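Below you'll find the structure, written out as structure tokens, and then a few comments.
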């Protein structure tokens, strides 16, 4: 196995989170082959003897990949300072070692969430650079106009940055007695996942989200897993997710840069020179 940063090894082995592992190294409590480690140093978790406070750190030999159908009322986090329940509370204690949620789902959002101890795999699925698309089922108040949906599809400015183009497909509408306009259901596919992005998008066009559920992560779907339950991902599903991330990393063809038009010192375009005409007779 190739060498990697010591704080990453400690985090994956479940010793401490990455930042806490860095503190352990700064405090001189981590050694590699009997020598005090330094921050940024690399080691081979299989071949080197890595210890914290004199206790050998056992390398993680097999990664774990879990799929959770997250219910409402749980934070997508490993722990919470205020004592609120997190998605790790839904995992049996013997299986929690070094697990982290991949990406995030809001406190009141349901749906599919991956938990893993494989840092590279987590980065492949969650980092915006790789663009692993996520699909959501969205219920909104009222029925938006097509022009409003097209505005969202093209991208709108949230917190000073324009959202990436997304896909929005209408599914159905429901009419509720006594409530003008009823509700509308959509499937929304995002290549990025900002905090509360879908809720903010529909709020901007005057149709607040009433229910939000993630139904797919890239090619991964499971309509049978009960809310609050989890299962192991199959080798086939893991491979499909890796391939989806690998395809997203392919660079698009480079376009030829467009040169700006020349300008004079006062910012105006230069006067056009007239071509000399034929000699007068």
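Express in % the proportion of alpha carbon pairs of the stretch 38-152 at distances exceeding 24 Å.
That fraction is 46 percent.
Per 0.36 nm of contour for each residue apart, how much would the distance between residue 89 and residue 2 grow if the chain were fully extended, relative to their Cα-Cα spacing?
28.0 nm
Just to be sure I follow: if Rg is taken over the C-alpha atoms of the stretch 4-56 and Rh is the Kirkwood radius over the same atoms, what is Rg/Rh?
Value, to two decimals: 0.89.
Given a Förster distance of 35 Å, report the FRET efficiency between residue 167 and residue 123 from their Cβ-Cβ distance, rounded to the nearest 0.05.
0.90
If each of residue 42 and residue 242 carries a label point 7 Å out from its Cα toward its Cβ, how far apart are those two points in nm?
In this crude spin-label approximation the distance works out to 2.0 nm.
Compute the label zone of residue 79 within the stretch 7-35: residues whose backbone N is under 17 Å from the point 7 Å along Cα-to-Cβ.
Output list for this probe position: 10-25.
Compactness ratio of the stretch 134-217: Cα Rg over 2.2 N^0.38 Å, N = residue count?
Scaled against compact globular proteins, the figure is 1.04.
Bear in mind these aren't lab numbers, they're just calculated from the coordinates by the rules spelled out. This is a predicted model, so every value here is computed, not measured. Neighbour counts run over all protein chains shown; Cβ positions are idealised from the backbone, glycine included.
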